[in-house]
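K.L.:
This is the structure I want to talk about, given as structure tokens.
Only the coordinates and a few stated rules stand behind these numbers; no lab work does. Just so it is clear, the structure is predicted and the values come from calculations on it, not from any experiment. So basically every Cβ, Gly included, is an ideal-geometry build from the backbone, and we count neighbours across all protein chains shown.
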Amino acid sequence: MIPTFLGLSEFWSTAITILIGIVGAARLTRLMVNDDFPPVLWFRSRWNWWTREGTRFEAWNKLMQCPWCFGYWATLIVFGAGFASAWHLAWFLIVGSLAASYAVSWIVYHDED
């Protein structure tokens, strides 16, 4: 059960938790598929090597190149971690920071127009 917080009703606490999870999973997806963050670039290059053509894992190569493919797994990881941790405060801090950073970046990017 998702905890209530800030004196909000169970409905609003659940809705906010779901929103945080969705935006956090979207940020994780963008990070893994598109961003140029050096540790992610390193991981993606390793992934491409592990799943290169001619290996038994080549069908998995597209996973790190396709947001539609990776997004499912990111969502499963994010919400699975929340459920497994009984929606621990650490989940809100980690996923909330992913969600907040994505929202801030999106706002700043579109504010420049």
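K.L.:
Compute the angle between helix 38-50 and the longest alpha-carbon principal axis of the chain, please, reported from 0 to 90 degrees and rounded to the nearest 10.
P.N.:
50 degrees
K.L.:
Using helices alone, I'd like the mean residue ellipticity at 222 nm for the chain: each DSSP H run of four-plus residues gives -39500 (n - 2.57), total over residue count, nearest 500. Could you put the intermediate results ahead of the total?
P.N.:
Numbers: 4 runs with 78 residues, N = 113.
So the helix-based figure for the chain works out to -23500 deg cm²/dmol.
K.L.:
I'd like to know how the chain sits against the 2.2 N^0.38 Å rule of thumb: what's its Cα Rg over that expected value? Could the numbers behind the result be given before it?
P.N.:
Numbers: Rg = 16.6 Å, N = 113, 2.2 N^0.38 = 13.3 Å.
Rounded to two decimals, the normalised Rg is 1.25.
K.L.:
Please find the FRET efficiency linking I22 to S105, where r is the Cβ-Cβ separation and R0 is fixed at 22 Å, and quote it to the nearest 0.05.
P.N.:
In this case the efficiency is close to 0.85.
K.L.:
Please name whichever of C66, L19, W47 sits farthest to the positive end of the charge dipole of the range 3-73, dipole taken about the Cα centre and charges placed at Cβ: Lys and Arg +1, Asp and Glu -1.
P.N.:
Checking the options against the dipole of the range 3-73, the answer is W47.
K.L.:
Could you rank the peptides 20-32, 92-104, 57-69 by their average count of other C-beta atoms within 10 Å per residue, with the highest value first? Provide the component values of the computation, followed by the final result.
P.N.:
Values: 20-32: 20.8, 92-104: 16.5, 57-69: 13.2.
Final packing ranking: 20-32, 92-104, 57-69.
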